[in-house]
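Since the structure comes first, as structure tokens, the remarks are kept for the end.
Nothing in this text is a laboratory measurement; each read-out follows from the coordinates by a stated rule. Predicted, not measured: the structure shown is a model, and the values here were computed from it. Positions of Cβ are generated from backbone atoms using ideal geometry, with glycine treated the same way; all protein chains shown enter the neighbour counts.
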């Protein structure tokens, strides 16, 4: 049994170890660790969150667009609530007793121990009354907040809005508590973590009447709130406001980009709305009204809506044809209307003139030469190979891509490839004759106005672009430098010369489809598009850049149900370019017509 004699020493050592651990914990909790003391004294304390000032938002020139205004929320910790005169509180808040109990139930369902909003965004008058009576309402306290205020009604889709955090987001993100406000759309949502700053906390001692008696332990456990960073947008607020005025009573969008750096100068979506509608206690009611409006003003059509591009896509077809070697600058195709309908114009002697006249049969033939490469004997297999090669090149022009511009909801559009038509018709059951409408920007191809404007910037730069972006600077720091790095397309620079020549002809020479975009003393390069609409009048499209030799702006205009591209989209683009480049309007009569004309979205 001697071999077991040493066990008593091991057992004693284990018992002594556990006694030591327990004693150490007790000493630490009672002498060194004051968190238990804080918890024990919790009934005599009130922890008030210090909300930081949300970052301000400016335009590219430092003009203030969004700032903060003080507001107050009445908070409740249900566990601390005792019997009190509920009718008195109802009178102070101007609510009835049923409303009181509904709000109370909501707070209890959230948490009995954690504070949540009982009544949000109290008016200054209500706040004054509550301050006098608050001692009578145990468990209630006032929390300072800020609400957004706007210097004007412009840029609602860019700026976005903030609102009370939803339950799903609250459960996923421990930073927030019930009743917190969070970015819901626009840059407010995309840059939420930058704009919100960092919350602080102050701990106060309160008496039995819930009145603050002073700071707990002289503020030892208080933390300071850190203000959010300011945003400086790339937007020219004067140009943005002008674009919104031009698009009033019309449905569509305008996107203007500086091709030299990818900065978005204007991002207009129409119809728009006053962003102040989504601030204050009426936010929910106003949001529902906007959401259910027939014109769908909450949709950011500039980045979220996609459309067939129409004839502006002929430029892309020409570039792919030139790059792939199936098209030469002087290639001639007759305007054979038996292939596809067209409008009367002189023969297109080469690519530049075909762009000038926007000849449908010409680009029908260009697209056919891209799809039917004669690589396979079977027209079905051959078309499948050709379309894949075409798609690889066309997506290199920024299509079928959701740009990270600093806003949520960017749509990638659609460039259909062989797999798409395999699903639709079956493999080897389709050929060029099935998809020929893609050649003139119709059919299943879909692009956003943002992509159209960026495509125009690529042409202006003869083969490269910068990632389009909406924020120029964050606080004192510049934005990500990758936004200012050149992105090269898979096209030789030499091919852009004939494209630019054709776009210059389209605006500045007879039979050009974009004559309404002429600016006296300046060479504008542009291309019209008229998009077939099976539900009504055709959509009017125009892209352009100017000046020709030193481009400073690339623009896309899309007006739904406005008809021919040269009639409405082109003059709107012209006025936007004059405003930005000249800071004046050459022909006020045209401006007046655009301002006063209403174009019905459903014709």
Item to check | Relative intensity, log₁₀ I(q)/I(0), of region 237-596 from a Debye sum that treats every alpha carbon as a point, q = 0.12 Å⁻¹ | outcome: -0.86
Checklist entry - Within the P(r) computed for region 502-603, what percentage of the Cα pairs occupies the region above 22 Å? => result 26 percent
Checklist entry - Taking R0 as 22 Å, what's the FRET efficiency between residue 537 and residue 338 from their Cβ-Cβ distance, rounded to 0.05? => result 0.25
Checklist outcome for this item: Expected sort for 353, 481, 245 with the fewest Cβ neighbours (10 Å cutoff) up front is 481, 245, 353
Checklist entry - Using every alpha carbon pair in region 292-416, what percent of pairs falls into each 5 Å bin from 0 up to the bin containing the largest distance? => result 2, 10, 16, 17, 16, 14, 10, 8, 5, 2, 0
Checklist entry - Based solely on its DSSP helices, what 222 nm [θ] is calculated for the chain when runs of n ≥ 4 H residues each add -39,500 (n - 2.57) and the sum is averaged over all residues, nearest 500 deg cm²/dmol? => result -10000 deg cm²/dmol
Next on the checklist: Please compute the modelled spin-label separation between residue 193 and residue 15, points set 7 Å along Cα→Cβ, answer in nm with one decimal.
Outcome noted: 5.4 nm
Checklist entry - Restricting the count to DSSP beta bridges whose residues both fall in region 45-233, what percent are antiparallel, rounded to a multiple of 5? => result 95 percent
Next on the checklist: Helix 313-324 against the longest principal axis of the chain: what's the angle in degrees, Cα atoms only, rounded to the nearest 10?
Outcome noted: 70 degrees
Next on the checklist: Test of understanding: what is the full-extension gain from residue 97 to residue 373, defined as 0.36 nm times their sequence separation minus their Cα-Cα distance?
Outcome noted: 91.6 nm
Item to check | Relative compactness, the chain, computed as alpha-carbon Rg over 2.2 N^0.38 Å | outcome: 1.29
Item to check | Taking 157, 495, 469, 343 and counting other C-beta atoms within 10 Å, the order from fewest to most | outcome: 343, 495, 469, 157
Checklist entry - For region 63-114 and region 148-225, what is the separation of their Cα centres, given in Å? => result 16 Å
Checklist entry - Using 0.36 nm per residue, how much length does the chain from residue 114 to residue 293 gain when fully extended, once their Cα-Cα distance is taken away? => result 60.7 nm
Checklist entry - Among 488, 399, 135, what is the fewest-to-most ranking by other Cβ atoms within 10 Å? => result 488, 135, 399
Item to check | Length-normalised contact order for the chain - Cα pairs under 8 Å, 6+ apart - percent | outcome: 14 percent
Item to check | FRET efficiency, 1/(1 + (r/R0)^6) with R0 30 Å, evaluated for residue 510 and residue 249 via beta carbons | outcome: 0.40
